[in-house]
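Here is the structure we will look at.
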Amino acid sequence: MIRLFKVKEKQREIAENSNGMPPTKKQSPGELRLNKDISELNLPKTCSIKFPNGKDDLMNFEVTVKPDEGYYLGGKFTFTFQIATIYPHEAPKVKCRERVYHPNIDLDGNVCLNILREDWKPVLNINTVIYGLYHLFTEPNHEDPLNSEAAAVLRDNPQQFGTNVKRAMGGGHIGQTAFSRCM
Amino acid sequence: MAQSTNSSSSSRSRDLDKLLLRPGHLVASTFEPGTQLRDDLEEYVKILVVGAGGLGCELLKDLALSGFRNLEVIDMDTIEVSNLNRQFLFRLQDVGKPKAEVAAKRVMERVSGVNIVPHFCRIEDKELDFYSEFSIIVLGLDSIEARSYINAVACGFLEYDSEDNPREETMKPMVDGGTEGFKGHARVILPGMTPCFECTIWLFPPQVKFPLCTLAETPRTAAHCIEYAHLIKWDEVHSGKSFDPDNPEHMQWVYLEASKRAELFGIQGVTYSLTQGVVKNIIPAIASTNAIISAACALETLKLASGCSKTLSNYLTYNGVEGLHTKVTEFVKDKECLVCGPGILIELDTSVTLKSFIDQLEDHPKLLIAGASVTHGRNNLYMQAPPTLEELTRSNLSLPLFDLMDKSSEGIVHVTGLAGKGDKKQSCLRKLRVAFKGVGGITDTDMAGGA
């Protein structure tokens, strides 16, 4: 049982001895866990990571994926990651910065990757997510489309899909939609 | 006149006196019954109520009626019409006003002698010193984030002695209540003695999230339509402008978009209140659940402050779905908890560089951590990976750790790396308590022990 009045005295003592030094702000448990994820990253050669806010803000970062095979060979795609303070209870928020022609990424950069939403579990980590993103480019999936037009082309005419991807990556139009150059 | 004031005040504490003035068998070891105790509770005990919503209103009322005189309440929200069914301190004309201010005023009007200081701000806006003032912190919150924040602040005051026993005088007790529809919990957290919020974070069920492609292509429920409008359509239309769940215009827009989509797919059931519910993850609150949970919390607070009975050990769950079921579970502390645990004590000379500190961790019998990355406060001192961060932090390796830790005699660092020997290496994250020899008060106790 606590001795409340002893607590009271101690607090007065602390207040008197503090010399006006504010207690240091700590990292939240979520930030600590993220630090662990980051310090253990083991990225494939095709992926790299950048911290625009410097070495002490790891909660916002960018991951660049350069696929080394498949339809998107030669492309370069950047994803922004936002991590919540209650990570890993909540999945990272990931968006693609470029407008890309992809069945599982919509024109606003939303990504349909199961482990970012319905299948996220706290045992997963940043490395898993980055591998998942890489996988999206080597094996785009027409069955769970976010861009249903691109998905239909991939399903019905893979060759045409390849041509469209090349044109989009070069900064061209598919139908009425302009895509970002990401070569 | 004086006579009548006197008799009304004694009649008000009549029930409380039965608990505070008489000895008992089930009391705490520190319990000293008597009028002095009652007076001390009124005069010295200062309680912070975090949240002035459904639980917060109940808590303020219950605590004021339990004899506490010095209360403060913090809440960042303003009153909405939909609060009025259960947040009974608020009236229609209060809509739009800060919850903390109105709640404080109403309770003070009704319970004479009680002083409640309201704080209309975010919990993160207050300095840590603000929280250290209180004897007990009582939580009436609805989010994991806010609980986790207050828990970290309260556990941050905790100090351990050289035997890894918590120093009682640095313990900041918390009483946490929570409700969700017919269900609720009340728990007592004595940092260092009972599990803290972070020790049992796994108690929270995973959040339900729909796959984006379902929302985009094959919506089947009203909730799918709402999430489509909220997560996909909003960004499509408002490029760069982020959605604010507390802005009624934003909510109205999402509701209308969701309705259109529901019509397109022939789905029934999209309403404004469901839209709010899905977007803000709201589960209908039930006034009685709040009252029951709050009563349990207020009672535990009184027991903690007075010692008039043993406190809940340590987690009560209440379920009113079918009849009524309550159960008390004694959860156990995570000894290695990063927030409330003692951390492993390491004593160092002030000359030890970060590099040699990292090397020492590999041989430390309690750690055996190879390839450690080190964080102090908000600073990442050294990161083994990725290469960009390694490069940015490499220059710290040759500096004395004492300098990197702001030349304090003692401090907390966190390390991550591979722990264990041979094939059994496992990635880990540990809290370390670093004490520097020959600085501050550390030497005296060491010398005494060594002599």
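The values are calculated or read from the model by the stated rules, or taken from the named source; none is laboratory data. Computed from a predicted model, the values in this text were never measured in an experiment. Cβ placement follows ideal geometry from the backbone for every residue including glycine, while neighbour counts extend to all protein chains displayed. Please note that ligands, DNA and RNA were not included when accessible areas were found on the heavy atoms of the full protein model with its side chains. Shrake-Rupley method; radii C 1.70, N 1.55, O 1.52, S 1.80 Å.
Summed over the residues of the protein assembly as shown and divided among them, the accessible surface reaches 48 Å² per residue at a probe radius of 1.4 Å. Each Lys and Arg contributes +1 and each Asp and Glu -1, all at the Cβ; summed about the Cα centre of the protein assembly as shown, the dipole is approximately 560 debye. The heavy atoms of A:Cys96 present about 10 square angstrom of accessible area, all protein chains included, probe 1.4 Å. A dipole drawn for the stretch B:33-107 from +1 and -1 charges on Cβ atoms has a positive end, and of B:Gly51, B:Val73, B:Phe90 the residue lying farthest that way is B:Phe90.
Taking a cut-off of 19 Å between Cα atoms, list the aspartates and glutamates near B:Lys333, but don't count ones fewer than 8 places away on the same chain. Within the straight-line cut-off, B:Lys333 pairs with B:Glu159, B:Asp161, B:Glu163, B:Asp164, B:Glu168, B:Asp176, B:Glu198. Once a ≥ b ≥ c are taken as the square roots of the eigenvalues of the Cα gyration tensor of the protein assembly as shown, is the result rounded (a/c under 1.5), prolate (a/b larger than b/c) or oblate (a/b not larger than b/c)? Oblate shape, in that a/c is at least 1.5 and b/c is the bigger or equal ratio.
Only protein atoms count toward the accessible area here, which uses a 1.4 Å probe; on chain A, the carbon and sulfur part of that area reaches 48 percent. Between B:Asp423 and B:Val237, the distance separating the two model label sites (each 7 Å from Cα on the Cα→Cβ line) works out to 6.0 nm.
How much FRET efficiency would the formula 1/(1 + (r/R0)^6) give for B:Asp39 and B:Lys105, where r is the Cβ-Cβ distance and R0 is 22 Å, rounded to 0.05? Here the calculated transfer efficiency is 0.25. Mean per-residue shielding of peptide A:79-85 is 1, counting Cβ atoms of other chains within 10 Å of each Cβ. Simple rule: put +1 on each Lys or Arg Cβ and -1 on each Asp or Glu Cβ in chain B, find the dipole, and look at B:Phe182, B:Ala385, B:Gln426; the Cα lying farthest toward the positive end is B:Phe182.
Of the residues in the stretch A:108-139, those shielded by at least 20 Å² of accessible area once partner protein chains are present, compared with the chain alone at a 1.4 Å probe, are A:Asp108, A:Asn110, A:Cys112, A:Arg117, A:Glu118. Unpaired cysteine residues in chain A (no second Cys Cβ under 4.7 Å): A:Cys47, A:Cys96, A:Cys182. Of the residues A:Leu124, A:Phe61, A:Met183, the one whose Cα sits farthest toward the positive end of the charge dipole of chain A, with +1 on the Cβ of Lys and Arg and -1 on the Cβ of Asp and Glu, is A:Phe61. On association of chains A and B, roughly 5300 Å² of accessible area becomes buried (total for both chains; probe 1.4 Å). The figure for A:His173 is an accessible area of roughly 100 square angstrom, using a 1.4 Å probe on the protein chains alone. Taking the Cβ-Cβ separation of B:Glu80 and B:Glu362 as r and a Förster radius of 41 Å, what is the calculated FRET efficiency to the nearest 0.05? With R0 = 41 Å, the Cβ-Cβ based efficiency is 0.15. Cross-link partners of A:Lys66 among aspartates and glutamates, defined as those whose alpha carbon lies under 15 angstrom from its own and excluding same-chain residues fewer than eight positions apart: A:Glu98, A:Glu139.
Potential lengthening of the chain between B:Arg91 and B:Lys126 amounts to 9.8 nm, from the contour at 0.36 nm per residue minus the alpha-carbon distance.
When B:Asp142, B:Asp62, B:Asp15, B:Asp94 are compared by accessible surface with a 1.4 Å probe, the order from highest to lowest is B:Asp142, B:Asp15, B:Asp62, B:Asp94. Peptide B:381-389 shows a mean partner chain C-beta count of 6 within 10 Å per residue C-beta. The B:Glu249 and B:Asp349 beta-carbon pair, evaluated with R₀ = 56 Å, returns a calculated FRET efficiency of approximately 0.35.
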